[in-house]
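Right, one structure below, let's go through it.
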Amino acid sequence: MPRGQKSKLRAREKRRQAREVAAQATVPEEEESPSSPSPHFKDAPQSSSATGTPSNPQVTGRVRSTSTTTATASNTRFSEGADNQMEEKPNASRARDTTEHGHRSPVDKKAAMLVYYLLYKYQMKEPVTKADILRNVIQINKNHFHKILQKASEHLELVFGLDVKEVDPNRNTYVLVNKLESSYDGRVNDNGGVPKTGLLMTVLGVIFTKGNCATEEQVWEVLNMMGLYDGMKNFIYGEPRKLITKDWVQEEYLEYRQIANSNPPRYEFLWGPRAHAETSKMKVLEFVAKIHDTVPTAFPSWYEEALRDEEERARAKVVAKACTAAMASARSRATASSFSCPK
């Protein structure tokens, strides 16, 4: 089978599996009620005794709506040249067992439940232990803990832009960490709800793979593939145009500008300063590679560019560190001389 065709088949299978997991993460209507935001989990609070209202309103219902929108990353085709760039690497893609629609395995079902559970814990800003997961989610499938956690982690990363990190190996304690670093202003803005980082990483990936500047048409082509349309409000992301041309522009994740000399006016997207500060081309390429179920080196030209970016960032950090040390030394000398007494 030709190499390009193999790559397309792997990408198609990846998208199918992501849609299945997204559907599995769905909370059926009959299971959801105003007084029961987290029906599956023993340690989730049911409602406030004072008001009778759900104590977790942001998560309630949102995960249910992911069947059409949260397979976002896996529906993305970043570049027409992606298949041409890909090189066959040993173990770059692993074969996956396929399951018929409607006959999902217990492991897949538990992985979907774990996605919901970890999102709930993320919103509540609570760590979760292996014991919690076994007791509240996996239960009788304890022998499959690592496989279930791996599947859930992959979905959380590609769809929501969240990494599952083990912070205490002794107690097997895990937390969800947003892919965007909080170095720019000390926070990552997800408003306490289901994070939109996965969608943002997708848009940044489109911009990077289009030569660091993507036209509005190119971005909308990808958003449409993900089921997001101009003027059609999405339950998780809101109105997509407002999100990408106003919210993320105001937050300085994206730059949105008119293309020079375009008549009628056309627009394009670039990375904003906050995107440059909180992520990197290499991290975005890793995200793109995972969507294609491969490794960054499978895209040679993008990988080389990402490597150059990493080197420039490293040099900039060295220079910044040297400048900081020089300024501190100068202040120290100035302070010492101000306290010295002339003879």
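The values are calculated or read from the model by the stated rules, or taken from the named source; none is laboratory data. In this text the structure is predicted, and so the values were computed from the model without any measurement. Don't worry about glycine lacking a Cβ; one is built from the backbone with ideal geometry, like all the others, and counts go over all protein chains shown. Keep in mind that these areas ignore ligands, DNA and RNA; they rest on the heavy atoms of the full protein, side chains included. Shrake-Rupley method; radii C 1.70, N 1.55, O 1.52, S 1.80 Å.
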Which whole-angstrom value gives the distance between the alpha carbon centres of the stretch 144-175 and the stretch 191-226?
24
Past 30 Å, Cα to Cα: identify those pairs from K196/K321; K290/K321; K142/K281; K125/K281, in the order given.
K196/K321; K290/K321; K142/K281
Rounded to the nearest 0.05, what FRET efficiency is calculated for E311 and I140 with R0 set to 45 Å and r the Cβ-Cβ distance?
0.35
The stretch 229-265 scanned against label point 7 Å out from C213 along Cα→C-beta; backbone N under 15 Å for 255-263
Explain nothing, just compute: Karplus ³J(HN,Hα) = 6.51 cos²θ - 1.76 cosθ + 1.60, θ = phi - 60°, for every residue of the stretch 264-270 in order, whole Hz, x for Gly and Pro.
x, x, 10, 10, 9, 10, 10
Under the rule of at least 5 residues apart or a separate chain, name every residue whose amide H is placed under 5 Å from the amide H of L254.
V249, G272
Percent of accessible area on the stretch 136-275 owned by carbon and sulfur, 1.4 Å probe?
47
